[in-house]
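Since the structure comes first, as structure tokens, the remarks are kept for the end.
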Amino acid sequence: MSKKNGTETTDEKALAVIDFNPINNVPDKAPAPQMDLTNPNLSYDDVLPSNYFSMEELEIWLEERNAESRILTVTGCTMEYVYDPEKGETTGEWKPCLSFAETATMLVINKTRGMQLKKLTGSPFLKDWIKVGAIAIKPGIANGKAQIVITAAAKTYTGQEIDDMFSYG
């Protein structure tokens, strides 16, 4: 504390307490949280994950990291019933969706992205798309519409591969 003009003031700032454990009673039958509540670095993406990539969320992710694209490793392709919750469940369609090693968020494959995967893999078969490995996704224009586009991920080289490229022996 310090004194100014005869009155005491506090120079200390209030400390915010971060505690992700509930303060209200939790029902016995409530499912266990699907996140680590002891992690002080819980983010919006951790507590409110999206099932599918959206253009807006991808743009925010890229801006936060000052990145041009997001590199993801394809681990699977499933058929999912995709619908807009605001329009109702009956408005949906079955669509192929890619899953990734780096995130639980899936990428819905529309006709444009299907053509991009067909070109990348040289195959129209979904079973071959999961063998593509790493891909880059980014906002772009395809078929005259702004949407998430898929491109080949830039090749990264191991130290040994670099040495082999520059060895003269």
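Couple of notes before you dig in:
- Within the range 121-130, not a single residue is under 18 Å from residue 55 (Cα atoms) and surrounded by fewer than 15 Cβ atoms within 10 Å (Cβ to Cβ).
- Just one residue in the set 138, 118 is surrounded by fewer than 18 Cβ atoms within 10 Å (Cβ to Cβ), of a type in the set (D, E, K, R) and without any contact (Cβ under 8 Å) to a residue 40 or more places away in the chain; that residue is 118.
- For first residues located in the range 152-169 and under 25 Å from residue 70 (Cβ atoms), partners that are modelled with pLDDT of 80 or more and of a type outside the set (Gly, Ala, Ser) and lie 6+ apart or on another chain with Cβ distances below 6 Å form the pairs 152/120; 153/71; 153/135.
- Flag for residue 88 being exposed (fewer than 15 other Cβ atoms within 10 Å of the Cβ) and of a type in the set (Gly, Ala, Ser): yes
- Residues that are more than 22 Å from residue 46 (Cα to Cα) and basic (Lys, Arg) occur in the range 133-145; there is at least one.
- Each residue in the range 1-52 was checked for being at pLDDT 75 or above and among the aromatic types (Phe, Trp, Tyr), and 1 pass.
The values are calculated or read from the model by the stated rules, or taken from the named source; none is laboratory data. Because the structure is a prediction, the values reported are computed rather than measured. So basically every Cβ, Gly included, is an ideal-geometry build from the backbone, and we count neighbours across all protein chains shown.
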